[in-house]
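Notes for the one structure printed next.
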Amino acid sequence: MRQASRRSWRIGQTEPVQVVFMAYRNTLQADALKLVPQKLQSSLAVEAS
């Protein structure tokens with residue numbers, strides 16, 4: 001997910017970009033997307049140490 005969201009950045013870009021991931025409500029995919037921020041925090045903590 002982190003890699004996919006970084007693909008939106010372009011050299012010389014000055015404006016912020018919002019990356020949106022879509023999923024149907026009440027599906028396994030939606031549940032998985034809710035877990036992404038927690039996993040990203042964990043991976044960033046591991047990288048920093």
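Computed from the coordinates by the stated procedures, all read-outs in this text should not be read as laboratory data. What you are looking at is a predicted structure, and each value in this text was computed from that prediction instead of being measured. Neighbour counts run over all protein chains shown; Cβ positions are idealised from the backbone, glycine included.
Assorted remarks:
- Highest-first arrangement of 2-11, 32-41, where packing means the average Cβ count within 10 Å: 32-41, 2-11
- Shown here are the Rg and Dmax of the Cα trace of the chain, at 13.6, 39 Å.
- Net length gained if the chain between Leu35 and Ala4 were fully extended (0.36 nm per residue, minus Cα distance): 9.5 nm
- MRE, 222 nm, helices only [DSSP H, n ≥ 4, -39500 (n - 2.57), over the chain, to nearest 500]: -17000 deg cm²/dmol
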